[in-house]
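Participant: Just dropping this structure here.
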Amino acid sequence: MSSAAFENAPVFADGVMTVPALEAQHLSLSWDGSHVVVADANITVGTGETVCMVGRSGCGKTTILHALAGLTQPMEGRVLLHGKDVTGTPGHVSYMFQKDLLIPSKRVLDNVCLPLTLKGMSKAVAHKQARPLLGRFGLADTEDKWPSELSGGMRQRAAFLRTYLMGNDVMLLDEPFSALDAITRKDLREWFVSASRELGVASLMITHDVDEAVAVASKVYVLGGNPSAGKPSHIVGEVLVQRETGSSDVDFELTSAFLEAKRAVLALLNR
Amino acid sequence: MFNFSSKTHRRRLVVPSIAIIALLAFWQLACSAGWVPGFMLPSPIQVVQALIYDAALLASHSITTLIEAALGLAIGVALGFVVAVLMDRFETVALALNPLVTISQTVPTVAIAPLLVLWFGYGLAPKVILIVISTFFPITVSLVAGFRSVDPDLIALMRTMGALRMQVFINAKLPAALESFFSGLRISATYAIVGAVIAEWLGGFAGLGVYMTRVRKSFSYDRMFAVILLISALSLLLMRVVDLMQRLVMPWLKAERNDQ
């Protein structure tokens, strides 16, 4: 299914008018302020929805996430969060980078509490809030450890908990599992899907892995173009992933619906 | 694994110890056999005897030198910290101060010391100023490099958390700079002792440099070597103190090293 042009229109679900959790309208982005890297990108993430974005290396996926996080000012277009314009202002959405970015000098609990303490919350109150979540995020008995004492998967879980504690209902994730080995990656991905559903956050995730995108997302955006060769990237299409309700994620990867969606994404990538 | 690492640790202690003992034995042999005249090179035993004989005097001179070194080092560290923070915060300040900071290190200490004595007299001031000049550079350079070693993505992440500039500095930049700061401090600590001694050579009433000048003038080379030995020992002691401080201030470093 190729993408249709998006306008500032509400999304209708089951006949009820809903405003998307996150929306990018006609975003044009640049690395240096003059050369367009991403042109006219339109992205919509519904409340509680997990959306993926795939594209070749260097096509500007991270540039889009930076703009959605408010870290950069777009050349054109705007970013709406629940219908409110937040273009170029950070602090409204939670962002998980490719690297876990845990601070080596802080123990695990202090690391995950960082978003809370930065807001002025006392350490004691922040710890009280975060401590019960450690087990839920697979980090039981790690609160007094240093980040270097954690495995790669545990570090990503800690980064995910820190992202969650930012307290926003929209998360941006930049290849969060790419640094992990295949087995840990799959485990963590499955855990992430269930945790996201349980927490009810809307997520936009970048990945290089088409299988991962289709397994995780209800919608996959495909970014095409080659900015370093002077061809600005744009969203060449989107694929809606039809998932039977009740089927587990492992089962889904064995279904024809999964294969069909994967083929569609690959076709768009090779266009 | 444990046996391997403890073996390696033992080797690291034993090999240099043997090298030092061998050097001292050769030195003693050279003196005892008369290969080098006694008035030119005292034997290690004579040096140790001089050290013991003058212990009380050396201790009082050492205190003066250590006070000068500590004061100069403290001011050098404070000044280096302020300059490094300004250089990190303001690009223009970095551009303006970079050559000056480098020049401060290229000025030969021995050449500038007489001028400082001329300007500030034989008191504490010229000694402390010379130590500040010597110690300021390693601290500034190491701190600036440390501040800049922070992953820009961490700063971007903290911005998405609404962090203020000061919060980024305290939570990310300062801890990231600590390791290189302590490397700079280790170098500065040795420069501080040497700087104090050089300043004392050119004038003063107490300190190891003053003692050194007196024994040189009386051709007491055994005492001269004794004070050289003491200066080395004090420098090593200061470096050890810096190591201990680093362990206290950076407890996570142990976990990182165990992980490697």
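Read-outs throughout are calculated quantities, based only on the coordinates presented, and are distinct from any laboratory measurement. None of the values given here were measured: they were computed from a predicted structure. For neighbour counting, all protein chains shown are included, and Cβ atoms are generated from backbone atoms with ideal geometry for every residue, glycine included.
Participant: Based only on Cα atoms, what Rg/Rh ratio does segment A:103-239 have, Rh being taken as Kirkwood's radius?
Facilitator: Values: Rg = 16.9 Å, Rh = 16.4 Å.
For segment A:103-239, the value is 1.03.
Participant: Between the alpha-carbon centers of segment B:24-74 and segment A:29-99, tell me the distance in whole angstrom.
Facilitator: 69
Participant: Counting each DSSP H run of 4 or more residues in chain B as -39500 (n - 2.57), what helix-only mean residue ellipticity at 222 nm follows after dividing by all residues, to the nearest 500 deg cm²/dmol? List each step's numbers first, then the result.
Facilitator: Details: 12 runs with 217 residues, N = 260.
It lands at -28500 deg cm²/dmol.
Participant: Figure the gain on full extension for A:T255 and A:W191 (residue separation times 0.36 nm, minus the Cα-Cα span) and round it to one decimal in nm. The partial results should precede the final answer.
Facilitator: On the way: separation 64, 0.36 × 64 = 23.04 nm, distance 2.01 nm.
Extending this stretch completely gives an extra 21.0 nm.
Participant: Another question, if that's okay. How are the Cα pair distances of segment A:123-194 distributed, in percent, across 10 Å bins from 0?
Facilitator: Taking all Cα pairs of segment A:123-194, the binned fractions are 17, 53, 27, 2 percent.
Participant: For segment B:155-171 and segment B:177-207, what is the separation of their C-alpha centers, rounded to whole Å?
Facilitator: Centre-to-centre (Cα) distance: 35 Å.
Participant: Connecting C-alpha atoms closer than 10 Å in a GNM of chain A, tell me which of A:V38, A:V108, A:V193 has the biggest fluctuation.
Facilitator: Highest fluctuation among the options: A:V193.
Participant: For segment A:144-186, max minus min Cα coordinate along each principal axis, in Å, sorted largest first?
Facilitator: Reported extents, whole Å, longest axis first: 28, 27, 12.
Participant: Quick one: of the DSSP bridges fully inside the protein assembly as shown, what percent are antiparallel, nearest 5?
Facilitator: Details: 23 of 41 bridges.
That works out to approximately 55 percent antiparallel.
Participant: For A:E149, A:E198, what ranking results if the residue with the fewest other Cβ atoms within 10 Å of its Cβ goes first?
Facilitator: Values: A:E149 17, A:E198 9.
By the 10 Å Cβ count, ascending, the order reads A:E198, A:E149.
Participant: Cut-off is 10 Å between beta-carbons; in what order do B:L24, A:L80 appear when sorted fewest neighbours first? Walk me through the numbers before you get to the answer.
Facilitator: On the way: B:L24 15, A:L80 18.
Listed from fewest to most nearby Cβ atoms, that is B:L24, A:L80.
Participant: Please report the relative contact order for chain B, taking Cα pairs under 8 Å with a sequence separation of at least 6, and give it as a percent rounded to a whole number.
Facilitator: Reported as a whole number, the value is 24 percent.
Participant: Give me the base-10 log of I(q)/I(0) for segment B:113-166 at each q in 0.23, 0.27, 0.31 Å⁻¹, Debye formula, one uniform scatterer per Cα, rounded to two decimals.
Facilitator: -0.86, -0.96, -1.07
Participant: Treating the Cα atoms of chain A as identical point scatterers in vacuum, please give the log10 of the normalised Debye intensity I(q)/I(0) at q = 0.13 Å⁻¹, two decimals.
Facilitator: Results for chain A at q = 0.13 Å⁻¹ read -0.88.
Participant: Which order do A:E76, A:E175 fall in if you start with the one that has the fewest other Cβ atoms within 10 Å? Kindly include the intermediate steps, with their values, before the conclusion.
Facilitator: Values: A:E76 13, A:E175 19.
Ascending number of Cβ neighbours within 10 Å: A:E76, A:E175.
Participant: Hey, rough spin-label estimate for A:K128 and B:L79, points 7 angstrom out along Cα→Cβ, what's it come to in nanometres?
Facilitator: Distance between label points: 4.9 nm.
Participant: Can you tell me the FRET efficiency between B:S220 and B:A59 if r is taken as the Cβ-Cβ distance and R0 is 22 Å, rounded to the nearest 0.05? Don't jump to the answer; show the numbers that get you there.
Facilitator: Working: r = 18 Å, r/R0 = 0.80.
Step by step, r from the Cβ atoms, then E = 0.80.
Participant: While we're on this one: If you average the sequence gap of Cα pairs under 8 Å that are 6 or more apart and divide by the length of segment A:133-271, what percent do you get for the contact order? Numbers along the way, then the final one.
Facilitator: Numbers: 137 pairs, mean separation 23.7, N = 139.
This gives 17 percent for segment A:133-271.
Participant: Could you tell me whether segment B:87-178 comes out rounded, prolate or oblate from its Cα gyration tensor? Rule is a ≥ b ≥ c as square roots of the eigenvalues, rounded for a/c under 1.5, then prolate if a/b exceeds b/c, otherwise oblate.
Facilitator: Working: a/c = 3.57, a/b = 2.88, b/c = 1.24.
Prolate.
Participant: For A:Q242 and A:T18 in one chain, what is 0.36 nm times their gap in residues minus the Cα-Cα distance, to one decimal in nm? Write down the numbers at each step before the final one.
Facilitator: On the way: separation 224, 0.36 × 224 = 80.64 nm, distance 2.05 nm.
Difference between extended and current length: 78.6 nm.
Participant: Give me the net charge of A:K99's neighbourhood, meaning all other residues with Cβ under 12 Å from the Cβ of A:K99; Lys, Arg count +1, Asp, Glu -1. Before the final figure, lay out the partial values.
Facilitator: On the way: positive: A:R155; negative: A:D100, A:D174, A:E175, B:D151, B:D153.
Summing Lys/Arg as +1 and Asp/Glu as -1 gives -4.
Participant: Give me the distance between the Cα centres of segment B:78-131 and segment A:179-258, rounded to whole Å.
Facilitator: 57
Participant: Report, as an integer, the average count of C-beta atoms from other chains found within 10 Å of each Cβ along A:115-122. List each step's numbers first, then the result.
Facilitator: Numbers: counts 6, 1, 4, 8, 4, 2, 0, 0.
Mean number of neighbouring Cβ atoms from other chains: 3.
Participant: Still on this model: I want to make sure I understand the PRE zone here: with the label point 7 angstrom from the Cα of A:D85 toward its beta carbon, which residues in segment A:26-42 have backbone N atoms less than 20 Å away?
Facilitator: Answer for this model: A:26-30, A:40-42.
Participant: Please give the helix B:221-249 orientation as an angle from the longest Cα principal axis of chain B, in degrees from 0 to 90, rounded to the nearest 10.
Facilitator: Tilt of helix B:221-249: around 20 degrees.
Participant: Right, something else. Out of B:P99, B:P42, B:P16, any idea which swings most in a Gaussian network model of chain B, alpha carbons joined below 10 Å?
Facilitator: Result: B:P16 has the largest fluctuation of those listed.
Participant: Oh, and also: Which value, in debye to the nearest 20, describes the size of the charge dipole of the protein assembly as shown about its Cα centre when Lys and Arg Cβ atoms bear +1, Asp and Glu Cβ atoms bear -1, and nothing else is charged?
Facilitator: 1940
Participant: Need the full-extension length gain, B:L100 to B:Y122, defined as separation in residues times 0.36 nm minus the C-alpha distance. One decimal, nm.
Facilitator: Stretched fully, the B:L100-B:Y122 segment lengthens by 5.2 nm.
Participant: A further question follows. Given Cα pairs under 8 Å that are at least 6 residues apart, what percent is the relative contact order of chain A?
Facilitator: Details: 539 pairs, mean separation 66.3, N = 271.
Across chain A, relative contact order equals 24 percent.
Participant: When averaged across all projection directions, what area in nm² does the alpha-carbon convex hull of the protein assembly as shown cover?
Facilitator: Values: hull surface 134.5 nm².
Spelled out: convex hull of the Cα atoms, projected over all directions, averaged, 33.6 nm².
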